[in-house]
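The values are calculated or read from the model by the stated rules, or taken from the named source; none is laboratory data. Bear in mind the structure is a predicted one, so any value in this text is a computation, not a measurement. Quick reminder, even Gly has a Cβ in these numbers, built from the backbone with ideal geometry, and neighbours come from all protein chains shown. Note: accessible area is taken over every heavy atom of the protein model, side chains too, but ligands, DNA and RNA are not part of it. Shrake-Rupley method; radii C 1.70, N 1.55, O 1.52, S 1.80 Å.
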Protein chains: 2
Amino acid sequence: MEDKVQIQDAIKVQGEVVRKLKSEKASKEQIDEEVAKLLELKARLGGDDGKHQFVLKTAKGTRDYNPKQMAIREKVFNTIISCFKRHGAETIDTPVFELKETLTGKYGEDSKLIYDLKDQGGELLSLRYDLTVPFARYLAMNKITNIKRYHIAKVYRRDNPAMTRGRYREFYQCDFDIAGQYDAMIPDAECLKIVYEILHELDLGDFRIKVNDRRILDGMFAVCGVPDDKFRTICSTVDKLDKMSWEDVKKEMVNEKGLSEQAADQIGEYVSMQGGMDLAEHLLQDQKMSQSKQACAGLSDIKLLFSYLQLFQVTDKVVFDLSLARGLDYYTGVIYEAVLTQAGVASVTTEAQNGAPGSTEESVSVGSVAGGGRYDGLVGMFDPKGRKVPCVGVSIGIERIFSIMEQKAEVSAEKVRTTEVQVMVASAQKNLLEERLKLTAELWNAGIKAEVMYKKNPKLLSQLQHCEESGIPLVAILGEQELKDGVVKLRVVATREEVSHTVDIHTAPHLRTI
Amino acid sequence: MEDKVQIQDAIKVQGEVVRKLKSEKASKEQIDEEVAKLLELKARLGGDDGKHQFVLKTAKGTRDYNPKQMAIREKVFNTIISCFKRHGAETIDTPVFELKETLTGKYGEDSKLIYDLKDQGGELLSLRYDLTVPFARYLAMNKITNIKRYHIAKVYRRDNPAMTRGRYREFYQCDFDIAGQYDAMIPDAECLKIVYEILHELDLGDFRIKVNDRRILDGMFAVCGVPDDKFRTICSTVDKLDKMSWEDVKKEMVNEKGLSEQAADQIGEYVSMQGGMDLAEHLLQDQKMSQSKQACAGLSDIKLLFSYLQLFQVTDKVVFDLSLARGLDYYTGVIYEAVLTQAGVASVTTEAQNGAPGSTEESVSVGSVAGGGRYDGLVGMFDPKGRKVPCVGVSIGIERIFSIMEQKAEVSAEKVRTTEVQVMVASAQKNLLEERLKLTAELWNAGIKAEVMYKKNPKLLSQLQHCEESGIPLVAILGEQELKDGVVKLRVVATREEVSHTVDIHTAPHLRTI
């Protein structure tokens, strides 16, 4: 049992936080988060004295999507799916939960973030943590050795949510992967082309795609004198370079992870390097780096990759960056990550993109919006005989994109429509419900998106108001006179222009082509 | 610990089952289900002697969707969503899990089928059981009193799966609901119109929509002498009339539920009644029935409903059927259920639909494909002050529809395409990878769906084979001569017809309008 007084104190403090945020006009999300905490505290108190206080909220770290958010979501999905389809991808779907053991041993330290289901008898289940492991399980289970597929679905992580920054416990992943034994770097280049196309079409402002290779990282660690058993942990420290300064990263390597100062400094030299094909060329001649076979294999592939990226006309945004070190265990080759390089979304006007990789150093990264890489070993972990299926893929960070699009929509003057209704069937006089219903049905039957008010005698004004609120462009107005004449009055809501049309919808091509 | 010998015996028996099914050429799904059982048994044995046997399967009662199934799913969703949009619906989304207490007390006996999440610290969570309760929670939480929305998402029930009949533990629901205080029966009629349109457009064969009213059922029980506290349990017995004979239903009422023989017989008389507006009229005059105020209210509304259904031109498929008694606790008014009335899907040719409700008695019901009703009290259960928001809605039984569409696709000669690729960029000669990649990128940039083989020197035959397998209609063939002439050869895969085009895609309108 918790101490009642302690909770009451906490409620007071939390109440203050909420009041303060409100007075400061903090963002709605921030306030909602703090209100949720307050409600949770109150519920705990309520449970204590036997009187049940019902908590009306969604689970921590999750959210509903309202119609406006859904309209934006649909638009973003359409852009992304069109791109995936343009590149010839099929789609699959897998269940939201997997056998617990399917996920075991795939995510390293992050496994603690997996949601388990309660043991209610039967199999032990967990919610999927990403779409890549279920994809590998699907390939192995169905003995598929060749597929280009996309999969858009929600995944689950018991992480500390930061909903104001688009970080949730339930969130969408948007994955495109190519599985199969092909010639080097061709599918990898297509994945980068896809990232480029999507970010370009979504028009989120300037971006940069960083590329590296797991083999280059491992080779670099080896030639810098990092002991084999420390590769992973040093790698995850390097991964923090986008949030921490080199000094702090070095401190962590030396003080926490026990790396020699000298090794750390050599790593420091390499990870500050950025460039294109030239840099790969240069490092292949590098006295140290060229000692590692692995690194050389990675560097040659980077060169080949850049040659394909040139053919795909995307090199203006791609940087070979030795500091890129994505965390996931399963990557075996090329890795990449796309970041937006503009400080804020409001200032999306800067269109100057000079293309030289070096020139972006001053712009502030607002975070990763896509990432991926090659994972040639994962499918083999599922195959009973360990048969490998080489894979490369990319995941679009859709939640952050939603956040940005929502902010843009709020700033913009343009209203987001949440329905697609073309015409409202209205009447100015009373007792015309039957006629309205009949005409509406005729419109529906003709494939026209139409609405009618669910009232016997609605006021014309309220019918017109509904049109304006939800952006319905046309209103068909019925009246005694029109019925006698066998016509409907069709009014353009915005201009109040009116025309009369014969009632038979099949002879009214104007309406059918709205 | 389980007895090893017992499991080994069970494995033998199960192995026999699988062999038998295979020799009988049973359906793939049936065999898969039995193989899964076999694998589970083997896994249990494996765990026993310490050697871990990895089980490569999806969780019980769930399935993956392969690209072909996804193509069908997309088609079905498009039809349904178009209909919902035609009727002016917005869409929302809610999280896959809710606070456990949100679901508590909403599903009666079925609550035991709810999936709980493991208590990993923090809130107690459950997977959603339907989309209606989360919708009501959403309305109450956001104080929404007016909305017309659809929601398509997966729900979860720890039921006994019967996957061969399209019954899963994870399955889609496709809900359309109208919330708000409106004039009687207008939104209700639109819900039925929507069911009619969707089933008509999906072309699944003849169907019937049964309509009844919770108040008519309750009134009927009252006038037949059913004690108040037995309404629900007698109602759930009546609900079995579509699967059991009246004799068996009566037996259950009298022997198991302790109803008097006389009361049961009177119920028997009523529940055999089917008709249209006339029947409602007739029952309003019925000596017994007219004694119940509730029943009269329900009957008047049925009359009104039918008058609107006439305006909507859907009465040919709608039957007022007193035996319809949907199980869910939360219904308060009109209820309905759509059933396909044809024995098999193979015989979808019978187009004779004479429309008289009585004439369908001989056709065999292949099960419910949509259902819904009015639930005016559910939102009030969530509102702190109990404020009610009247709601009516319908849920399309999409999984059964998928099953039928899949069967149809299997029978049909037409191949289901899983990609939308318009053109394959190929070469007949070696060393043209760069040219192929370049042209493919130009096509992508022009918005054309294009594919290229990820090989340096693929054989022309294998490139053409890929086109035939995946239904790509055009192939652009590059060769030395064409490159010299600045053209590409464009071949229609089906007819082998060939034309030459200039390489600049922007001057090749033919390609852009494929």
Subject >> Filter pass, A:Ala494 being over 22 Å from B:Phe312 (Cβ atoms), more than 10 Å from chain B (Cβ to nearest Cβ) and in a loop (DSSP other than H, G, I, E, B) >> reply: yes
Original post:
Of all the residues that make up the range B:178-235, how many are in contact (Cβ under 8 Å) with a residue 12 or more places away in the chain, out of contact with any Asp or Glu (no Cβ under 7 Å at 6 or more places or on another chain) and part of a helix (DSSP H, G or I)?
Top reply: 31
**OP:** Identify, from the list B:Thr132, B:Thr94, B:Thr145, the residue that is under 18 Å from the mean Cα position of the chain (by Cα) and either among the hydroxyl-bearing types (Ser, Thr, Tyr) or more than 22 Å from A:Val421 (Cα to Cα) (or both).
**Re:** B:Thr132
Subject >> Single residue of the range A:106-122 satisfying the filter (touching a residue at least 60 places away in the same chain (Cβ under 8 Å) and in a loop (DSSP other than H, G, I, E, B)) that is nearest to B:Val55 (Cα to Cα) >> reply: A:Lys106
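Residues of the range B:438-457 being farther than 15 Å from B:Val488 by Cα and open to solvent by 40 Å² or more (accessible area, probe 1.4 Å), which ones?
Step one: of the range B:438-457, the residues farther than 15 Å from B:Val488 by Cα are B:444-449, B:451, B:453-457.
Listed by number, the residues that qualify are B:Asn445, B:Gly447, B:Lys449, B:Met453, B:Lys455, B:Lys456, B:Asn457.
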Original post:
Can you find even one residue in the range B:418-437 that is within 13 Å of chain A (Cβ to nearest Cβ), without any contact (Cβ under 8 Å) to a residue 24 or more places away in the chain and either part of a strand (DSSP E or B) or open to solvent by 50 Å² or more (accessible area, probe 1.4 Å) (or both)?
Top reply: yes
**OP:** Could you grab me the full set of residues in the range B:441-455 that are touching a Ser or Thr at 6+ places or on another chain (Cβ under 8 Å) and of a type in the set (A, V, I, L, M, F, W, C)?
**Re:** B:Ala450, B:Val452, B:Met453
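Which members of the range B:76-92 meet the condition of being open to solvent by 10 Å² or more (accessible area, probe 1.4 Å) and either closer than 15 Å to B:Arg128 by Cα or out of contact with any Pro (no Cβ under 8 Å at 6 or more places or on another chain) (or both)? Working first, answer last.
Within the range B:76-92, the subset open to solvent by 10 Å² or more (accessible area, probe 1.4 Å) is B:77-79, B:81-82, B:85-86, B:90-91.
Once the filter is applied, which keeps residues that are open to solvent by 10 Å² or more (accessible area, probe 1.4 Å) and either closer than 15 Å to B:Arg128 by Cα or out of contact with any Pro (no Cβ under 8 Å at 6 or more places or on another chain) (or both), the range B:76-92 yields B:Phe77, B:Asn78, B:Thr79, B:Ile81, B:Ser82, B:Lys85, B:Arg86.
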Original post:
Taking the stated definitions as given, is A:Arg215 over 29 Å from A:Asp316 (Cβ atoms) and open to solvent by 10 Å² or more (accessible area, probe 1.4 Å)?
Top reply: no
Original post:
Taking the condition among the small types (Gly, Ala, Ser) and over 25 Å from B:Ala71 (Cα atoms), does B:Ala441 pass?
Top reply: yes
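Would you be able to say whether some residue in the range B:157-167 is open to solvent by less than 20 Å² (accessible area, probe 1.4 Å), under 23 Å from the mean Cα position of the chain (by Cα) and at the interface with another protein chain (Cβ under 10 Å from one of its Cβ atoms)? Can you show your working first?
So the first thing to find is which residues in the range B:157-167 are open to solvent by less than 20 Å² (accessible area, probe 1.4 Å), and the list is B:162, B:166.
After this cut, where a residue has to be under 23 Å from the mean Cα position of the chain (by Cα) as well, the list is B:162, B:166.
If we keep only those that are at the interface with another protein chain (Cβ under 10 Å from one of its Cβ atoms) too, we end up with none.
The answer is no, given that none of the residues of the range B:157-167 is open to solvent by less than 20 Å² (accessible area, probe 1.4 Å), under 23 Å from the mean Cα position of the chain (by Cα) and at the interface with another protein chain (Cβ under 10 Å from one of its Cβ atoms).
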Original post:
Got a number for residues in the range B:53-90 being in contact (Cβ under 8 Å) with a residue 40 or more places away in the chain and either among the hydrophobic types (A, V, I, L, M, F, W, C) or not in a helix (DSSP H, G or I) (or both)?
Top reply: 18
**OP:** With the condition kept exactly as written, say whether any residue in the range A:458-479 is closer than 30 Å to B:Phe312 by Cα, open to solvent by 10 Å² or more (accessible area, probe 1.4 Å), under 37 Å from the mean Cα position of the chain (by Cα) and of a type in the set (Gly, Ala, Ser).
**Re:** yes
Original post:
Is it fair to say B:Ile404 is β-branched (Val, Ile, Thr), assigned to a helix (DSSP H, G or I) and either closer than 28 Å to B:Ile194 by Cβ or more than 9 Å from chain A (Cβ to nearest Cβ) (or both)?
Top reply: yes
Original post:
Among (1) within 19 Å of B:Glu98 (Cα to Cα); (2) among the aliphatic types (A, V, I, L, M); (3) more than 8 Å from chain A (Cβ to nearest Cβ), where does B:Met141 come up short?
Top reply: (3)
**OP:** Identify all residues within the range B:301-316 that are away from every other protein chain (no Cβ under 14 Å) and open to solvent by less than 10 Å² (accessible area, probe 1.4 Å); write none if there are none.
**Re:** B:Ile302
Original post:
Taking the range A:266-296 as the search range and keeping residues that are more than 26 Å from A:Val254 (Cβ to Cβ), touching a Lys or Arg at 6+ places or on another chain (Cβ under 8 Å) and touching a residue at least 24 places away in the same chain (Cβ under 8 Å), which one is surrounded by the most Cβ atoms within 10 Å (Cβ to Cβ)?
Top reply: A:Ala280
Original post:
What's the number of the condition B:Ser111 fails, among (1) more than 7 Å from chain A (Cβ to nearest Cβ); (2) farther than 30 Å from A:Leu113 by Cα?
Top reply: (2)
